[in-house]
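Okay, structure first, notes after.
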Amino acid sequence: MRGEVSETAVTMHFVTPEYDKGPVLWEFRIKIRTHDTWKTLKKRVNGYEHRFQAIITNLVVNGLIRLRGDGTNNDPWSVIVPKGYEIRQGEYI
């Protein structure tokens, strides 16, 4: 890797009519290591995706993570998440 980017992330978001523009409901930040290649980074990112996708999806299906609002200026989206699952800026693995 060329060192231009120091981190990446696995994110999940709600689906909305506009492609890939739904509010993010979960993010897991991953530090790019100096010895990473695109293959090692891809493997690590995929591992975190597979580890957390079922857990987060289960929280959504069971209503523990939910979307409120309609995305307009009068009723902006807000994502409701259980304690401990909030997106915390500046944290990564």
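Just so it is clear, none of the values below were taken in a lab; they were calculated from the coordinates. For clarity, every value in this text was computed on a predicted model and none was experimentally measured. FYI the Cβ positions are ideal-geometry reconstructions off the backbone, even for glycines, and counts take in every protein chain you see.
Structure notes:
- Scanning residues 5 or more positions from HIS13 or on other chains, those with amide H under 5 Å from its amide H are LEU25, with H placed 1.01 Å from N in the peptide plane.
- Hypothetical label at LYS21: residues of region 29-73 whose amide nitrogen lies under 18 Å (7 Å Cα-Cβ projection): 68-73
- The angle separating the long axis of helix 38-61 from the principal Cα axis of greatest extent in the chain is about 20 degrees.
- Mean projection of the Cα convex hull over all viewing directions, computed for region 26-79: 5.3 nm².
- A simple charge model with +1 on the Cβ of Lys and Arg, -1 on the Cβ of Asp and Glu and nothing else charged puts the dipole of the chain at about 500 debye relative to its Cα centre.
- Over 20 Å [Cα-Cα, the chain], rounded percent: 45 percent
- The helix-based estimate of mean residue ellipticity at 222 nm for the chain, built from -39,500 (n - 2.57) per DSSP H run of four or more residues and divided by its residue count, is -9000 deg cm²/dmol to the nearest 500.
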